[in-house]
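K.L.:
Structure provided below as structure tokens; questions to follow.
The values are calculated or read from the model by the stated rules, or taken from the named source; none is laboratory data. Given the structure is predicted, the values throughout are model-derived calculations rather than measurements. All Cβ positions, even for glycine, are placed from backbone atoms using ideal geometry, and neighbour counts span all protein chains on display.
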Amino acid sequence: MSASHTHDTHAAGHDDHGPMKGWRRWFYATNHKDIGSMYLIFSLVMFLTGGLMAMFIRAELLYPGTQVLDPGTFNSMTTMHALIMVFGAVMPAFTGLANWMIPLQVGAPDMALPRMNNFSFWILPFAFGMLLLTLLVPGGSPAGGWTLYPPLVLQTGDAFPMAVFAVHLMGASSIMGAINVIVTIMNMRAPGMTLLKMPLFVWTWLITAYLLIAVMPVLAGAVTMLLTDHYFGTSFFNAAGGGDPVMFQHIFWFFGHPEVYIMILPAFGVVSEIIPTFSRKPLFGYDAMVYATASIAFLSFIVWAHHMFTTGMPLVGEMFFMLSTMLIAIPTGVKVFNWTATMWKGSISFETPMLFALSFLFLFTIGGFSGLMLAIAPADFQYHDTYFVVAHFHYVLVPGAVFSIMAATYYWLPKWTGHMYNEKMGKLHFWLSTIFVNVLFFPQHFLGLAGMPRRIPDYSTQFADWNFVSSIGGFCFGLTQLLFVYNIISCVRGGVKASDKVWDDASPQGLEWTVSSPAPYHSFEVPPEVK
Amino acid sequence: MAHAHHDHDSAGKYYVPHASHWPIVGSIALFITMFGASQWLNNGISSMFWVGILCVLGLFFGWFRDVINESVAGTYNQAVDRSFRMGMMWFIFSEVMFFAAFFGALYYARNIAQPWLSGQGVKFANTLLWQNFTGGWPSNGPAKLGGEFEVIPAFSLPAVNTMILLTSGVTLTIAHHALKENKRGILNLFLALTFLLGFLFVYLQSTEYAEAYHELNLKLSSGIYGSTFFMLTGFHGLHVTIGAIMLTVIWLRSMKGHFSSENHFGFEAVAWYWHFVDVVWLGLFIFVYWL
Ligand code: HEM
Ligand SMILES: [Cu+2]
């Protein structure tokens with residue numbers, strides 16, 4: 001390195017010290033905080049868009065019979081709702097949190113590859129623009145379900161290639177985002193920040209990023225095969241040519257199951273930050289948490305066919321995937337017990353982030369239990385493709401992943417903006433959300449056990465009562481989220497000044513609390529030393 | 001807050017690049033390409049796609065030019081170099097997984113779908129639809145999609161291509177050692193040999209495709225064999241083409257004296273990529289052509 005030493009020192013700083021003026025700041029961004037904010041705002045917009053679609057779904061299901069949407073539109077609403085929520089709301093929200101918090105938590109000046117960071121963000125609005133454009137093309141938007149199973153999905157009209165390419169773009173964005181996270185964590189930790197000193201949010205994201213790089217290309221491969229089957233005469237999923245439609249399910253779920261952990265591991269990280277803070281105790285069993293996360297990630301690669309118990313797999317296959325799936329309950333249980341043990345004898349206070357984290361703890365666990373029920377292969381023959389599955393994954397995804405995102409937002413918003421949010425309104429948002437999420441989704445367990453199939457716009461009158469309850473819960477849950485939006489906007493615009501520690505009497509741990517609130521535009525230009 | 005750290009290679013010296021318009025240009029270029037490709041597939045109008053491709057090429061040119069200029073100006077330090085290296089490795093890992101999906105499809109088609117279609121295990125497809133189907137490999141399925149076809153024997157052109165790619169791996173390694181020992185002449189010569197071998201491979205592969213289409217009646221639409229054969233070798237061929245172009249760029253840069261014996265991340269990244277393409281080929285040779 002000797003020859004370039006002189007260059008090193010002069011290039012060490014930054015060409016620009018504050019944010020650029022006007023639109024360039026956002027379009028040409030390289031700052032992890034700017035990019036993180038864009039991710040979070042984008043995710044919120046997608047959350048509301050996908051939420052609106054859910055309102056249409058619940059309006060249709062309010063009464064038996066078809067009244068609001070024609071069946072085709074109903075199906076495209078469920079498909080688009082899922083694609084938008086998974087790839088547009090939950091994943092970008094976590095990437096936004098990663099962008100904001102990982103450099104702050106490991107003591108780095110920025111993300112490792114700032115331009116690629118901006119690239120991975122800006123692909124997203126275009127990808128989702130293309131996906132939403134499918135609403136206008138001949139044949140309507142994709143309606144075969146977010147799982148894109150052939151041969152049904154091959155009946156999609158002009159929307160088909162647009163949806164496939166949108167998925168490719170989202171995949172490219174996720175992979176680049178994940179590479180950035182890994183490289184930042186592996187290369188840019190402050191001196192003394194050994195791996196086993198990293199905050200759990202960093203740890204869970206490191207493992208999530210690995211999962212992303214491993215499975216997003218597989219999804220890209222799967223949708224590419226769909227595309228060539230549709231337009232170029234290949235026979236991957238066509239039994240007449242020696243292929244097999246079930247093969248798509250194998251490839252899709254090889255991606256799909258790790259994908260559900262991609263959506264929940266960072267949530268585990270968030271909860272592992274918040275519960276210790278408001279319990280005023282260090283996290284119980286830190287090392288066990290790390291190992292549990294790693295084992296969940298490993299196991300997530302060998303359980304995929306629990307989504308396919310009814311496809312006629314050989315018995316050994318059913319047994320293997322049943323048992324491997326149940327194994328996941330062990331590391332997941334370790335986590336739940338550790339969070340609980342963290343609170344044991346703590347002096348707990350119930351600010352909004354803590355409330356959401358606690359709600360996560362209870363309601364995610366319900367989702368985990370229904371998952372265990374679904375994992376029992378013979379029982380799944382009854383539950384599969386019913387509302388029981390819908391209830392299961394909404395419990396893990398809404399009061400699971402989404403609540404953790406809300407908890408994280410309330411927890412770090414003062415650090416981002418320099419202002420406290422409105423705590424009363426936060427609590428109101430919490431209580432209404434927690435009540436209505438249960439009104440919305442708990443009855444769906446009953447509907448499913450009674451045999452109501454998913455993805456059908458009409459239903460037998462015996463299901464009418466619980467559907468009515470569920471829809472009312474849905475509308476109220478949807479409206480409640482406007483409080484969240486209002487609270488965020490007013491917190492960005494002003495409010496009581498937040499201190500550097502924000503949660504002073506809880507004295508939160510971690511490097512992010514050592515910088516000012518709002519965090520300076522360039523954090524840790526000089527790396528802090530971690531002891 | 002913590003105090004300054006005076007180590008020259010510490011994270012504090014990390015170079016955070018100045019703002020750039022390439023990412024947003026890239027997003028727009030990708031959108032035009034993808035939307036154009038949809039147009040093409042839906043209405044047969046390809047113009048937007050080609051505009052998009054031009055934009056993407058311009059993007060690569062412009063973005064890499066900026067990065068190369070910054071690198072030549074010495075703006076990047078060791079920490080940045082490490083980031084680039086890790087980034088490239090994880091990118092290659094993602095490519096490995098992309099190919100894994102197609103190798104997985106090949107495995108599934110041969111070892112699971114074929115036996116089932118020919119009446120093992122769950123017998124429905126066989127008893128209800130195709131009672132006379134006996135399976136086997138190569139196969140274009142019970143409906144014999146695309147009609148009778150022949151396959152390319154492994155120990156003909158594919159074996160030659162294997163030798164070509166393996167040799168190119170060796171020439172590249174010789175070039176790398178020459179670079180480390182600062183022997184410029186050998187470096188440039190062997191780099192040139194490497195990408196010429198790469199392009200030769202692509203050329204031979206295209207003659208193989210022509211033979212398959214015109215003489216063997218082996219097409220993309222020849223059932224599952226044609227699907228897996230052309231998609232696997234096709235994506236690989238695309239990667240070889242890209243890799244050979246990258247090697248050519250590296251060669252041009254090397255002629256301009258861009259790389260020093262200690263500092264040549266661009267060279268190494270492309271070399272890793274080339275070796276990766278090489279290894280994928282070995283997999284193809286064994287599982288697609290040979291077994
Ligand atoms: C204790 C851990 C879990 C177990 C044992 C489990 C088990 C299962 C099983 C067996 C199914 C298939 C049901 C069927 O289609 O018949 C399923 C579906 C699903 N699970 Fe889980 N699960 C667990 C955790 C999670 C988590 C953490 C998430 C996401 C955050 C999740 C998201 C989903 C989704 C989205 C589906 C439905 C996919 C679809 O068909 O559209 N699960 N789960
Ligand atoms: Cu699963």
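K.L.:
If the requirement is being within 24 Å of A:Ala294 (Cβ to Cβ) and surrounded by fewer than 22 Cβ atoms within 10 Å (Cβ to Cβ), which of these qualifies: A:Tyr231, A:Tyr210, A:Tyr149? It would help to see each step written out before you state the result.
P.N.:
Numbers: A:Tyr231 fails: within 24 Å of A:Ala294 (Cβ to Cβ); A:Tyr149 fails: within 24 Å of A:Ala294 (Cβ to Cβ).
Checking each option against the conditions leaves just A:Tyr210.
K.L.:
Being within 14 Å of chain B (Cβ to nearest Cβ), under 24 Å from A:Leu196 (Cβ atoms) and part of a loop (DSSP other than H, G, I, E, B) is the filter here, so list the residues in the range A:502-525 that pass it. Before the answer, list the steps.
P.N.:
Here is the first cut: in the range A:502-525, the ones within 14 Å of chain B (Cβ to nearest Cβ) are A:510-517, A:519-525.
Add one more test, that the residue is under 24 Å from A:Leu196 (Cβ atoms), and what stays is A:510-515, A:523-524.
The answer is A:Gly510, A:Val515, A:Ser523, A:Phe524.
K.L.:
Output the number of residues of the range A:230-245 satisfying the condition of being more than 8 Å from chain B (Cβ to nearest Cβ) and assigned to a helix (DSSP H, G or I). Steps first, answer last, please.
P.N.:
Just the residues of the range A:230-245 that are more than 8 Å from chain B (Cβ to nearest Cβ), to begin with: A:230, A:237, A:245.
Still in the list and also assigned to a helix (DSSP H, G or I): A:230, A:245.
The qualifying residues number 2.
K.L.:
Determine whether A:Ala220 is facing chain B (nearest Cβ under 7 Å), within 25 Å of the chain's Cα centre (by Cα), in a helix (DSSP H, G or I) and at pLDDT 95 or above. Lay out the reasoning, then the answer.
P.N.:
Numbers: facing chain B (nearest Cβ under 7 Å): yes; within 25 Å of the chain's Cα centre (by Cα): yes; in a helix (DSSP H, G or I): yes; at pLDDT 95 or above: yes.
Against the criterion (facing chain B (nearest Cβ under 7 Å), within 25 Å of the chain's Cα centre (by Cα), in a helix (DSSP H, G or I) and at pLDDT 95 or above), A:Ala220 qualifies.
K.L.:
Right, another one. Go through the range A:305-334 residue by residue and tally those that are aromatic (Phe, Trp, Tyr) and away from ligand 1 (no atom under 11 Å from the Cβ). Steps first, answer last, please.
P.N.:
Within the range A:305-334, the subset aromatic (Phe, Trp, Tyr) is A:309, A:320-321.
Keeping just the survivors that are away from ligand 1 (no atom under 11 Å from the Cβ) gives A:320.
Of the residues in the range A:305-334, 1 are aromatic (Phe, Trp, Tyr) and away from ligand 1 (no atom under 11 Å from the Cβ).
K.L.:
Kindly indicate the residue of the range A:267-288 that is crowded, with 23+ Cβ neighbours inside 10 Å and aliphatic (A, V, I, L, M) and also nearest to ligand 1 (Cβ to nearest atom) among those meeting that condition.
P.N.:
Among those residues, the one meeting the criterion is A:Ala267.
K.L.:
Separate question: One residue is enough: does the range A:376-391 have a residue meeting the conditions acidic (Asp, Glu), away from ligand 1 (no atom under 16 Å from the Cβ) and touching a helix residue (DSSP H, G or I) at 6+ places or on another chain (Cβ under 8 Å)? Talk me through it step by step, then tell me what you get.
P.N.:
Residues of the range A:376-391 acidic (Asp, Glu): A:380, A:385.
Applying the additional criterion that residues be away from ligand 1 (no atom under 16 Å from the Cβ) yields none.
No - not one qualifying residue is present in the range A:376-391.
K.L.:
Would you check if there is a residue in the range B:236-253 being assigned to a helix (DSSP H, G or I), within 14 Å of chain A (Cβ to nearest Cβ) and among the polar types (S, T, N, Q)?
P.N.:
Narrowing the range B:236-253 to residues assigned to a helix (DSSP H, G or I): B:236-253.
From what is left, the residues that are within 14 Å of chain A (Cβ to nearest Cβ) are B:236, B:238-239.
Narrowing further to those that are among the polar types (S, T, N, Q): none.
Scanning the range B:236-253, I find no residue that is assigned to a helix (DSSP H, G or I), within 14 Å of chain A (Cβ to nearest Cβ) and among the polar types (S, T, N, Q), so the answer is no.
K.L.:
Kindly list the number of the only condition in (1) in contact with a Gly (Cβ under 8 Å, 6 or more places away or on another chain); (2) within 27 Å of A:Leu135 (Cβ to Cβ); (3) without any contact (Cβ under 8 Å) to a residue 60 or more places away in the chain that fails for A:Gly241.
P.N.:
So the condition that A:Gly241 fails would be (2).
K.L.:
Restricting the search to the range B:84-99, which residues are within 7 Å of chain A (Cβ to nearest Cβ) and closer than 25 Å to B:Ser139 by Cβ?
P.N.:
Within the range B:84-99, just B:Phe98 meets the criteria.
K.L.:
Scan the range A:338-358 and give yes if some residue there is part of a helix (DSSP H, G or I), near ligand 1 (Cβ under 10 Å from one of its atoms) and away from chain B (no Cβ under 14 Å), otherwise no.
P.N.:
Looking through the range A:338-358, none of the residues is part of a helix (DSSP H, G or I), near ligand 1 (Cβ under 10 Å from one of its atoms) and away from chain B (no Cβ under 14 Å).
K.L.:
Only one of (1) hydrophobic (A, V, I, L, M, F, W, C); (2) farther than 30 Å from A:Asn238 by Cβ; (3) touching a residue at least 40 places away in the same chain (Cβ under 8 Å) is not met by B:Met163, so which one is it?
P.N.:
(3)
K.L.:
Taking the range A:281-300 only, how many residues are more than 19 Å from A:Phe360 (Cβ to Cβ) and part of a loop (DSSP other than H, G, I, E, B)?
P.N.:
So the count comes out to 2.
K.L.:
Is the range A:296-311 home to any residue that is more than 16 Å from ligand 2 (Cβ to nearest atom) and either touching a His at 6+ places or on another chain (Cβ under 9 Å) or more than 14 Å from chain B (Cβ to nearest Cβ) (or both)?
P.N.:
The initial filter retains those residues of the range A:296-311 that are more than 16 Å from ligand 2 (Cβ to nearest atom), namely none.
Looking through the range A:296-311, none of the residues is more than 16 Å from ligand 2 (Cβ to nearest atom) and either touching a His at 6+ places or on another chain (Cβ under 9 Å) or more than 14 Å from chain B (Cβ to nearest Cβ) (or both).
K.L.:
Another question, then. Could you give me the residue pairs with C-beta distances under 6 Å whose first residue belongs to the range B:69-87 and is within 20 Å of B:Arg253 (Cβ to Cβ), whose second residue is aliphatic (A, V, I, L, M) and at pLDDT below 90 wherever it lies, and which are 6+ apart or on separate chains?
P.N.:
Close Cβ pairs (under 6 Å, with a partner that is aliphatic (A, V, I, L, M) and at pLDDT below 90) amount to B:Thr75/A:Ala11.
K.L.:
Check A:Phe268, A:Phe255, A:Phe320 and return the single one that is of a type outside the set (A, V, I, L, M), within 30 Å of A:Ser349 (Cβ to Cβ) and in a helix (DSSP H, G or I). Full working, then the answer.
P.N.:
Numbers: A:Phe255 fails: within 30 Å of A:Ser349 (Cβ to Cβ); A:Phe320 fails: within 30 Å of A:Ser349 (Cβ to Cβ).
Exactly one residue qualifies, and that residue is A:Phe268.
K.L.:
From the set of residues in the range B:106-132 that are within 30 Å of B:Trp274 (Cβ to Cβ) and either without any contact (Cβ under 8 Å) to a residue 24 or more places away in the chain or out of contact with any helix residue (DSSP H, G or I) (no Cβ under 6 Å at 6 or more places or on another chain) (or both), which is surrounded by the fewest Cβ atoms within 10 Å (Cβ to Cβ)? Step through it out loud before you land on a result.
P.N.:
Step one: of the range B:106-132, the residues within 30 Å of B:Trp274 (Cβ to Cβ) are B:106-110.
Keeping just the survivors that are either without any contact (Cβ under 8 Å) to a residue 24 or more places away in the chain or out of contact with any helix residue (DSSP H, G or I) (no Cβ under 6 Å at 6 or more places or on another chain) (or both) gives B:107-108, B:110.
Values: B:Tyr107: 15, B:Tyr108: 20, B:Arg110: 21.
By that ranking, first place goes to B:Tyr107.
K.L.:
Of the residues B:Gly104, B:Gly87, B:Gly62, only one is over 29 Å from A:Ala214 (Cα atoms) and assigned to a helix (DSSP H, G or I); which? Before you say what the answer is, go through the steps one by one.
P.N.:
On the way: B:Gly104 fails: over 29 Å from A:Ala214 (Cα atoms); B:Gly87 fails: over 29 Å from A:Ala214 (Cα atoms).
After applying the criteria, what remains is B:Gly62.
K.L.:
Give, as residue ranges, the helices (runs of 4 or more DSSP H) completely inside the range A:38-146 that count at least 2 residues that are crowded, with 24+ Cβ neighbours inside 10 Å and either within 14 Å of chain B (Cβ to nearest Cβ) or at pLDDT below 95 (or both). Walk me through how you get there before you give the answer.
P.N.:
Working: elements: A:71-83, A:91-106, A:114-133.
Helices (runs of 4 or more DSSP H) meeting the threshold: A:91-106, A:114-133.
K.L.:
While we're here: Among residues belonging to the range A:228-266 that are within 18 Å of B:Phe235 (Cβ to Cβ) and aliphatic (A, V, I, L, M), point out the one that is farthest from ligand 1 (Cβ to nearest atom).
P.N.:
The selected residue is A:Met247.
Yes or no, residue by residue, for (1) within 16 Å of ligand 2 (Cβ to nearest atom); (2) crowded, with 18+ Cβ neighbours inside 10 Å:
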| site | (1), (2) |
| --- | --- |
| A:Pro331 | yes, yes |
| A:Trp344 | no, no |
| A:Leu355 | no, yes |
| A:Ser359 | no, yes |
| A:Leu374 | yes, yes |
| A:Asp380 | yes, yes |
| A:His384 | yes, yes |
| A:Ala391 | yes, yes |
| A:Val402 | no, yes |
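K.L.:
Any idea how many residues of the range B:179-208 are closer than 30 Å to A:Leu227 by Cβ and within 14 Å of chain A (Cβ to nearest Cβ)? Break it down stepwise before answering.
P.N.:
Residues of the range B:179-208 closer than 30 Å to A:Leu227 by Cβ: B:198-199, B:201-208.
If we keep only those that are within 14 Å of chain A (Cβ to nearest Cβ) too, we end up with none.
Qualifying residue count for the region: 0.
K.L.:
A further question follows. Could you identify the single residue in B:Tyr203, B:Tyr209, B:Tyr213, B:Tyr225 that is in a helix (DSSP H, G or I), under 30 Å from B:Ala105 (Cβ atoms) and in contact with a Pro (Cβ under 8 Å, 6 or more places away or on another chain)? So that I can check it myself, show each step before the final result.
P.N.:
On the way: B:Tyr203 fails: in contact with a Pro (Cβ under 8 Å, 6 or more places away or on another chain); B:Tyr209 fails: in contact with a Pro (Cβ under 8 Å, 6 or more places away or on another chain); B:Tyr213 fails: in contact with a Pro (Cβ under 8 Å, 6 or more places away or on another chain).
B:Tyr225 is the lone residue from the list that is in a helix (DSSP H, G or I), under 30 Å from B:Ala105 (Cβ atoms) and in contact with a Pro (Cβ under 8 Å, 6 or more places away or on another chain).
K.L.:
Something else: Given the conditions (1) more than 10 Å from chain B (Cβ to nearest Cβ); (2) within 16 Å of ligand 2 (Cβ to nearest atom); (3) over 29 Å from A:Pro331 (Cα atoms), report the number of the one that A:Gly256 does not fulfil.
P.N.:
Of everything listed in (1) more than 10 Å from chain B (Cβ to nearest Cβ); (2) within 16 Å of ligand 2 (Cβ to nearest atom); (3) over 29 Å from A:Pro331 (Cα atoms), A:Gly256 misses just condition (3).
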